[in-house]
Amino acid sequence: TAQCRSRLVQSFQRSWPQFSAAFSAHAMVPEAALRFGDGLLKKLPALLERFCKEPTTLIHGDMHLGNMVFDAADTDAEPVLLDWQFFGAGDPALDLAYFFLMSLAPDPPLEARLLSAYIDSLHAAGVSDKLLDLEGLTERVDALMIEAVVHFTSIRVFGEGTGDKTYELGNMMRKLES
């Protein structure tokens, strides 16, 4: 809804300056990522508007390796997805961004190959590239991953402000890794 999009934009606009300042001061985030975030700050309202107009698909809602079963005897077999309690219709970028953040170490070439394979599978199944193309999907996945990192960092900054050790960076990183 328009109200939800507005809240997301406002939240990102509040969070991004804190994130950028905290991580650029310690050179923990590459300059290119900070520039991307600055650009996202300017483009977020238009991107969110596009997200709402883009085609939707069945999404899992909790896509990570812990919810996948692989057949070790048949490496060509598709994984079986478990735990469908959060399924619904939505932007496929949601599942993909969540999977990348929760299941993979940062690896842009691997992410690009997976996105390409995903798009190729959709196109082979009859989804028109006019409805969903690799560039558009990649842009939306990148935007969602940046937003997630910014929100995570905002929680950490909030925790430091309250003295709550739960939200210290080391503890939050351990939570992400578990």
Fill in the blank from the handout: Those residues of the range 62-105 which are more than 21 Å from residue 138 (Cβ to Cβ), surrounded by 13 or more Cβ atoms within 10 Å (Cβ to Cβ) and of a type in the set (Gly, Ala, Ser) amount to none
Exercise for the section: Can you give me the number of residues within the range 6-42 that are touching a residue at least 60 places away in the same chain (Cβ under 8 Å) and open to solvent by 70 Å² or more (accessible area, probe 1.4 Å)? Expected result: 3
Completion exercise
Cβ pairs under 8 Å, 6+ apart or interchain, first in the range 68-84 and over 18 Å from residue 100 (Cα atoms), second among the aromatic types (Phe, Trp, Tyr) and open to solvent by 70 Å² or more (accessible area, probe 1.4 Å), ordered by first then second residue, are 77/70
Fill in the blank from the handout: Selection from the range 130-174 of residues at pLDDT 75 or above, part of a loop (DSSP other than H, G, I, E, B) and either closer than 14 Å to residue 92 by Cα or open to solvent by less than 70 Å² (accessible area, probe 1.4 Å) (or both) yields 131, 132, 133
Exercise for the section: State whether one or more residues within the range 111-129 are assigned to a helix (DSSP H, G or I), out of contact with any Asp or Glu (no Cβ under 6 Å at 6 or more places or on another chain), free of Cβ contacts under 8 Å to residues at least 60 places away in the same chain and under 23 Å from residue 38 (Cα atoms). Expected result: yes
Practice task
Answer yes or no: is there a residue in the range 61-72 that is modelled with pLDDT of 85 or more, under 28 Å from residue 12 (Cα atoms), assigned to a strand (DSSP E or B) and touching an Asp or Glu at 6+ places or on another chain (Cβ under 9 Å).
Solution key: no
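The values are calculated or read from the model by the stated rules, or taken from the named source; none is laboratory data. Note that this is a predicted model, so its numbers are computed, not measured. Ideal geometry is used to build each Cβ from the backbone, glycine not excepted, and the neighbour counts take in all protein chains shown. Please note that ligands, DNA and RNA were not included when accessible areas were found on the heavy atoms of the full protein model with its side chains. Shrake-Rupley method; radii C 1.70, N 1.55, O 1.52, S 1.80 Å.
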